[in-house]
Each structure stands twice: as C-alpha cells, then as structure tokens.
Amino acid sequence: MKFGTPGKPSTRKILLLGSGELGKEVVIEAQRLGIETVACDRYENAPAMQVAHRSYVFDMRNAKIVREVIQKEEPDYIVPEIEAIATDELVKLEKKGWRIIPTARTAQLTMDRQGIRKLAAEKLNLPTSPYRFASSLKELEAGAQAVGFPCFIKPTMSSSGHGQSMVRKPSDLKKAWEYAMDAARGKTGKVIVEGKINFEYEITMLTVRHKKGISFCAPVGHIQIDGDYRESWQPHPMSKSALAKARAMAKKIVSELCGSKGRGIFGVELFIKGEKVWFSELSPRPHDTGMVTIVSQDMSEMELHVRAILDLPIPEIICRPGASVPILAEIKTENPAYIGVEEALKIPGTHVRIFGKPMSPGHRRMAVVVAIGKNIKDARKKAQAAAKKIRVVNG
C-alpha cells in the first residue's frame, strides 16, 4: 500500500458529498495520512470546506452536477456524508467503476427511512417498533390508528430530527403532516408513522466494516429530544446478553448492506429494555452521538471511518469514560460568535469543538463539548457543566 502527496501524481483522493461537522473531522483524519480532500455541499463555507484542499457548492440531488464534479476530480473514494444526494446517480457511477463508500446500494437504501426499515423488518426480520408509511394525510390517519397513540411522525428523508414530531391524539395529525412535509431534508412526499416502544434506554452501536471483517465500539448511550441528540456518553453499561444481541443485530444489517466490498463505519441506533433489543435507524457514516469518541476512544469514529475506507488495520478499540453535549444556537444569525469558551475549558478534562457553521436559522447544532471522567457520571457532569457556560450570540 502506497500513500502519496496531495497535488502530486502520487496522491490518493477522497471526495465528500456533504461537508458538515462530522465530515470536517473525516477530512482532518484523512489529511493526517496525506490524503487529498475535496468537500462538496449545498452552501458555501460549510465546516469541512474550511479544512479541505478544494470545495464545490451545488445541489447534491442534481445528478448531472454530481457526475460532472466527480469526473473532474477523479477521486479514489466518494464518501456521502448526508442523505439528500442523487443516489441513483451513485449507483450508475459505481457500475462504471467508481468507489462509493460504503456502497452505492447502501447510500440509496439508507437515505430513505422506507428503504432501510423494510430491509430491517421485512427482509432481515429484525424486531422494530410497529410502523406504517403514508403518502397523504388520509393514509397517515389510518397508519396512526394502526400503530396506536402516542406515535411518532417522521419524513422518510430527514436527519437530526428535522420534520419529526410526537402525536398524542388524532386531532394533531394534520399539523404533524404539514411539519413533516415542510421540514424534510428531501421531498419524498412520504412519512413513516411509528408506534411508541416502552424502552429503558437507547444506544448507538458504532459498527465498523473493514478489510478484516466487522468491529464494534463500546455502546454509546444518548438522549434525544425531538429526534435530535442532546447528550451522549460511552461506554453505556449493558448486560452481556443485551450487548450480544445488539452486536448481532448490528452485524446482521451491516453485513447485508456491505456485502464483501463495503467499507466504513455505521451508526446503528437501537432501543433496549432488559434483554430485549429493537432496531431503530441506521446511518452509513460517523454518527452525531459518536462525537464523544473524540475523547473516549483511542481512535475516534472519524479515524475508524478513514481507516476502514483505506483498508488500514483496525486493532482493538480502546475506550475510557467520556461524554458529549452539543451547543445549540437558538438565535437567527449570519454572524455567529461564541462566549463562555474560556470558562468551559477551566473544567478539567473538557474540550470544545466549534464547527464553524456560517449561519444559524434559529435552531442549529453549532459546537460540542466533550469530556473525560473517572466514570460515566463524572464525564457527563463535566460535559453538562461546560456546555452551560457556552452561548451562541450574534457577533
């Protein structure tokens, strides 16, 4: 295996489709190995663009432009970082010999909740919450009656809780339908309505498909509000039986998606109650709750992703107690600034990562505090205390 130099004939190149905060960390990890990086997104100055060698701004659902940029750059690896991409074009490009991470089929299935849920529940027979899909308010009303109240309404294409709501009674379904249609990341015209599971806790099982097989990170516990994560910690305590079931479930779906050629890290979200495990969702890329691994693991989820893509060794993954708390901007601003960082960093074992997002529409994840501690309780306490000291203001 040979590693080259960016800008030289020997270079190896990664092109990101989507350039958010997780993509920024992926670019940094790739550059540590001398990989040339190209960042693409729908808006200028996205986080990963600020550290990549080159960048492009365009609508990644536009198949023609996706193909043009890829043909111009000739990357060794094409790495989707968001859901809203012209995945049909990625399938065509892969058939022509381009390398899509983890695979084009995986990107296509997981960009749409309908595709991944049907694969998990109907093909692989993984236990899930009761669900229905709806293409109209009338279908949503019938689906909600079938799964029962309270229920969750989610666009089939979205992330970070956009367009998601919990409905407790039939009269609230119209409002939930309109919100899902307006806030969806991709306009599929469909929602999934899910019944509520009486679970004790939820985890992200970070699962790495690499050259030698599949590896697991320690389970990441997390709290979500309206579908968006507010806190995560690692390792989350689990019984041996529940952990074995969670790993088996993650391995089953990741193996189905990857086959023998797929590479990369997957964030497999699971619900747990006692020894029972239910599949929830899956992202074929570093997961927002996994930002805790910046401090809690010897190899972060972003480094693991890059190693898997490049077919580099992934030895034992070492974990220590850590926690993360995101910093949200609750204001609209075209000039975000941050106060309280120096106070946050006075707390031992804490670190702050400001993403560099160029604006906030009023509710956006802009930074994260990560912390290590003697145990999970200690790490969470530190991260929570540090996060409370930081505020996003109009600069």
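The values are calculated or read from the model by the stated rules, or taken from the named source; none is laboratory data. As the structure is a computational prediction, the values presented were derived from the model and not from experiment. Methodologically, a virtual Cβ is constructed for each residue, glycine included, from the backbone with ideal geometry; neighbour enumeration extends over all protein chains shown.
Details
- Any pair with Cβ under 7 angstrom, 6 or more apart, that starts in region 217-242 at a residue that is not assigned by TED's automatic domain parsing to the domain that holds Phe266 and ends at one that is surrounded by fewer than 19 Cβ atoms within 10 Å (Cβ to Cβ) and of a type in the set (Phe, Trp, Tyr): none
- All conditions in (1) crowded, with 17+ Cβ neighbours inside 10 Å; (2) modelled with pLDDT under 95 hold for Lys2, with the sole exception of (1).
- Within region 16-36, the set of residues being surrounded by fewer than 24 Cβ atoms within 10 Å (Cβ to Cβ) and part of a strand (DSSP E or B) comprises Glu36 only.
- Some residue of region 252-260 being surrounded by fewer than 16 Cβ atoms within 10 Å (Cβ to Cβ) and either under 27 Å from Ala367 (Cα atoms) or among the hydroxyl-bearing types (Ser, Thr, Tyr) (or both): yes
- Checked against (1) out of contact with any Phe, Trp or Tyr (no Cβ under 8 Å at 6 or more places or on another chain); (2) farther than 24 Å from Asp59 by Cβ, Ser165 passes all but condition (1).
- Only one entry in Ala379, Ala367, Ala383, Ala387 is of a type in the set (A, V, I, L, M), part of a helix (DSSP H, G or I) and closer than 17 Å to Ile331 by Cβ, namely Ala387.
- Filter result (of a type outside the set (A, V, I, L, M) and touching a strand residue (DSSP E or B) at 6+ places or on another chain (Cβ under 7 Å)) within region 228-254: Tyr229, Arg230, Glu231, Ser232, Trp233, Gln234, Pro235, His236, Lys245, Arg247, Lys251
- Residue in region 19-35 that is in contact with a Lys or Arg (Cβ under 9 Å, 6 or more places away or on another chain) and without any contact (Cβ under 8 Å) to a residue 40 or more places away in the chain present: yes
- On inspection, Arg320 passes the criterion of being surrounded by fewer than 17 Cβ atoms within 10 Å (Cβ to Cβ), in the same structural domain as Arg263 (by TED's automatic domain parsing) and within 24 Å of the chain's Cα centre (by Cα).
- Selection count where residues are surrounded by 19 or more Cβ atoms within 10 Å (Cβ to Cβ) and assigned to a loop (DSSP other than H, G, I, E, B), scope region 5-15: 1
- For Phe271, the criteria (1) part of a strand (DSSP E or B); (2) in contact (Cβ under 8 Å) with a residue 60 or more places away in the chain; (3) surrounded by fewer than 19 Cβ atoms within 10 Å (Cβ to Cβ) hold in every case but one, which is (3).
- Selection count, region 52-84, where residues are within 27 Å of Asn335 (Cβ to Cβ) and either surrounded by 24 or more Cβ atoms within 10 Å (Cβ to Cβ) or touching a strand residue (DSSP E or B) at 6+ places or on another chain (Cβ under 8 Å) (or both): 10
- Top-ranked residue in region 294-303 [being touching a residue at least 24 places away in the same chain (Cβ under 8 Å) and farther than 15 Å from Lys24 by Cα; ranked as surrounded by the most Cβ atoms within 10 Å (Cβ to Cβ)]: Ser296
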